[in-house]
Each structure stands twice: as C-alpha cells, then as structure tokens.
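Q: Below is the structure I would like to discuss, written out as structure tokens.
Read the figures in this text as sums done on the coordinates, not as results from a lab. These numbers were taken from a predicted model, which means no experiment stands behind them. Don't worry about glycine lacking a Cβ; one is built from the backbone with ideal geometry, like all the others, and counts go over all protein chains shown.
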Amino acid sequence: MPMIVTIDNLKPGMILARPLMGSGAQVLLSAGAVLDDKTIRKLARRGIEACFIALDGEHISADVSAPLPESLERMRDKMRGILDAVASNRSIRRTAIQEIQELIQEIIDDVCSDPNAVLCGIGTIAEHDHYTLEHSVGVMVAALVLAKRAGERELLRLETPGYRNLGMGALFHDIGKMMLPLDVLNKRTPLDPREWEMVRRHPLEGLRIVRQFDIISPMSRAVVLNHHQHWDGKGYGGYEGRRILGKRIPVLVRIVSIADSYDAMVSNRPYREAYLPAEAVRIVRDGAGSMFDPELAALIGDVAVSYPSGSILALGNGLLVAVIEEDRTMKDKPVCLVLASFVESGSEMPGRAVDLRKSQETICFGVTSIVNLKARMEQLLREKTPCPFLDAIRKESGGSLPPLYAVSNWDVLLQKTFPPEFRSLLTLHNPM
Ligand SMILES: [Fe+2]
C-alpha cells in the first residue's frame, strides 16, 4: 500500500508508486521515478499537492505506468516554440512543422500499438503556464485514442495518413487563439459581445495561419476551421460563418470536437475547476445528437478512466478517499486510500484501502485536487445541493466537535480546505 505524501514532505530518494498525471493522457512522471530536489521543486511549481510514494520493498506494478511521457514532452517543447511565435507575430519555420509531424507519427505508433490506450489524466496542474499548449497536446492524444476506438468499433477506417491528418488538425485546432489578447483568453467573467466576436474568429484566424504550410493537409485545415461546428448545425466557425451539420461535418472534425470539449472539461480553467473524467464523460454523452456525433460521443466512456489515480472522492458515509487503483472494467468502482475518516481504528481508518468494487458506498462527488475540493464544497453549500457526504459530516458532528482523523500531513491540508462552516466543527487528528 503506497503512502500519500504532501508536496512539503517529499524528500529526495522517495519513489513514486503511481504515475503523476497532467491533463489528457499526459504523464508528468512515471511510476518508479526516484525523486530528487530539482524534480520536487518542479512539481511544486506545477501546483502538484501530493504524490503516492512507495513504501520500502513495495512492488510497483508495470501496468500503472502510462504510455507516452517522453514523446509528449518533446512535442510540448516544439509546440511551445510555434505558439509563442504566433503570439509574438514571428514567422514559423517550415522545419518546425515538419518536426512536429514526425513526432506525431511516433505518438500515433504508440497509441495504435498499445491495446490499453486510455485517457487517464486529470487536470492536476493547478496553474497552467501555457493553457493553449497543454490543451493542444491533450486534444491531440484524446482525438487519436478516440479514433482508434472508433476503428475498433468499425465506425471509422483510418489509415496512417488519416491518423496523421487528425493529429495535426487536433494539435493546431486552437492556434488562432494565440492572436487573442491574454486578458480575453484568460478572462474569469463572461465575455462581452465584442470579446465574444473576437473569440468566434479564432477558427478562421487559425486557418489563415496553417494554410501558409502545404505540409498541413487540407483535411487538417478543415479541422482547424470547423472544430466549433455542432452536429445539429449550431456552433460557429466555417468560411464566413457558414454552418455545416451532421455527417456533412468531416469525421475528423467530429472527433476533434469531442476531444476538444472533453480535454477542456478535465482541465482547470481561470473561471472553473477541472471536472473529473466521470463527469466530463457524462456531459459529452448528454451532448450526443446536439453538439456531437451520437455514435462517436458514446465511445468517450470507453476510452476515459472515470476516476484516475490521485482523484479525491467524497463518499456517502463521510469518508474522504484518494483513488489509488483504477479498475478498467468496473470504471466507477476504483480502489481508494482513506484520507480522512470519523474512526480512529478499524477498516475505515485513515491510511486503509477501501475497495469500492466490494462496497455499496456511493461516490457523492469527486475532484481532481485538494484545491478543487475546497471550491466544490463551497459550491455545494452555496447552492444548497443535497449531498450525503456533507449530511454525514453534519450528522456525525451533532453540534459538538467530531474528531475527523486524517492521514499523516493531510490534517493541515484538510484544515485549510474545509469551508469555515465545517472547519469550526471539526478537529483533525492524526491517528498514526
Ligand atoms: Fe477552439
């Protein structure tokens, strides 16, 4: 059983027991990585709050190490240069686009040769230094994985050039956004009509940029121009705002449209916290037949891991747990580690594993990080949403001070995280 250690308590030499995920299917560090000072500082800068650390002699299972980290890291470096060039009005080298295309081929080979390719990342990065960059790479991976699944279900037959067109289109789909002022791009409040008009132009601006390069195919350009067209003919984009709908929207565009929405939902944005994949899958499915191609939208649940490792879940009995093992067949029933509990000892005490496959306990809500836990609890309280987890805490407290026990180091974090209404009621103890 791994330990969950907060960032302030990580020490050089500790070994990661689970991969550390970025958004989409991106892996920041693989399971088995040995931490050093530099890496710990880098994780702190990226807003990572805690990691699963292997105990001495613990076996680290190979199948928890996710694919793609190295090629995606190189892709990020190359794309960063291109996006920065667009934002500062510098010209893009043709060789840079060529290098990107070669890297995409490597990623396609990885995705297509991995029988278990899934989207298991969550938006653990609290502060994106470059959201468009992370989003572009996340959408590319999601689109490739979704296309592969559609092929397996015989909804689509893509050969290598098709995958390459899809990857390039997905990677460059939002490049037109680099022309927007940063205060519009990162605005926390609703856009005014003038700003909204600017945003609506980004597919066309994107097309203007990508058509300078003959190496970016007409099909990839169509993805850039049309990725905000909806299945029902609503949405925006297209030449002079021309709408297309249903199967008239090229299939690669329909795939990127789903991948784009999905990746945006599982990422933190200035105006809202990241959703867990389980929630993003539900929202994509709700959009089947209106926003999205219904057959393709139905596949997103197949390729997304509902509750990836590291997600924090609030259970109906008042337990707060962290996911340590995803079950690829029973996706809504992960194995978790108790972070905080009302009992000091026994099977539900902090530090114990809870296997939801064997339990009737319901998941009330889940979040991608401790920062988001605070925001979500405050939202539930504000909107007075019925929530068995909060009810369980209220019941336990009964007006007095219930001892809520937490795993080592987490008592301080949770004390900061709980909204004031609960903070005054709870005393966190560390049973170890
Ligand atoms: Fe877009």
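Q: Determine the dipole magnitude for the chain: charges of +1 sit on the beta-carbon of Lys and Arg, -1 on that of Asp and Glu, nothing else is charged, the reference point is the Cα centre, and the result goes in debye to the nearest 20.
A: Roughly 1260 debye, rounded to the nearest 20.
Q: Going highest first, how would you order 166-175, 370-379 by mean Cβ packing within 10 Å?
A: Ranking the peptides 166-175, 370-379 by packing returns 166-175, 370-379.
Q: Further question on the same structure: Give the cross-link partners of residue 187 among the lysines, using a straight C-alpha distance below 19 Å as the criterion and excluding same-chain residues fewer than 8 apart.
A: Here the lysines satisfying the reach criterion relative to residue 187 are 177.
Q: Still on this structure, please answer the following. Taking the chain on its own, what percent of its Cα-Cα pair distances exceed 37 Å?
A: The share of Cα pairs beyond 37 Å in the chain comes to 26 percent.
Q: Are there any helices in the chain, counted as whole DSSP H runs, that stretch 20 Å or more along their axis by Cα and score at least -1.0 on average by Kyte-Doolittle, and if so which?
A: Passing helices, by number: 69-87, 94-113, 131-152, 251-265.
Q: If you split all Cα-Cα distances of the range 69-290 into 10 Å bins from zero, what percentages do you get per bin, shortest first?
A: The distribution over the range 69-290 is 8, 35, 41, 16, 1, given as percents.
Q: Can you tell me which of 332-341, 71-80 comes out highest on packing, and rank the rest after it, using the mean Cβ neighbours within 10 Å?
A: Final packing ranking: 332-341, 71-80.
Q: Order 178-191, 6-19, 298-311, 272-285 from most to least packed using the mean count of other Cβ atoms within 10 Å.
A: Descending packing order for the listed peptides: 298-311, 272-285, 6-19, 178-191.
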